[in-house]
Amino acid sequence: MNSIVFIQIFALVIIGILIFRIFYYRREVRKLRAEMSELAEEIGKIANEIRGIPAE
């Protein structure tokens, strides 16, 4: 009987860790997307300057 309870607790701990990791990585991905969009804007400005279009 005790082994079943131990297995259930162990499974709940593993599920909790997985849920935490999913939310943590989703937050990191959001940060990276924001950084990528900023970099894309900078690259676009540089590309326009190279083409001869003045930067705003």
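Where a number appears in this text, it was derived from the coordinates with a stated rule and is not lab data. Just so it is clear, the model here is predicted, and its values are computed rather than measured. FYI the Cβ positions are ideal-geometry reconstructions off the backbone, even for glycines, and counts take in every protein chain you see.
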Under a point spin-label approximation (7 Å from Cα along Cα-to-Cβ), what is the residue 23-residue 36 distance to one decimal in nm?
-> 2.4
Is the chain rounded, prolate or oblate when judged by the Cα gyration tensor, a ≥ b ≥ c being the square roots of its eigenvalues, rounded requiring a/c under 1.5 and prolate requiring a/b larger than b/c?
-> prolate
At 222 nm, what helix-only mean residue ellipticity would the chain give, in deg cm²/dmol to the nearest 500, using -39500 (n - 2.57) for each DSSP H run of four or more?
-> -33500 deg cm²/dmol
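Work out the length of the dipole vector of the chain about its Cα centre, built from +1 on the beta-carbon of each Lys and Arg and -1 on the beta-carbon of each Asp and Glu, and round it to the nearest 20 debye.
Numbers: 8 positive and 7 negative charges, 72 e Å.
That gives the chain a dipole magnitude of about 340 debye.
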Mind pulling the angle between the C-alpha long axis of helix 2-51 and the longest principal axis of the chain? Nearest 10 degrees, somewhere in 0 to 90.
-> 0
Label-point separation (nm) for residue 46 and residue 11, each offset 7 Å from Cα along Cα-to-Cβ?
-> 5.3
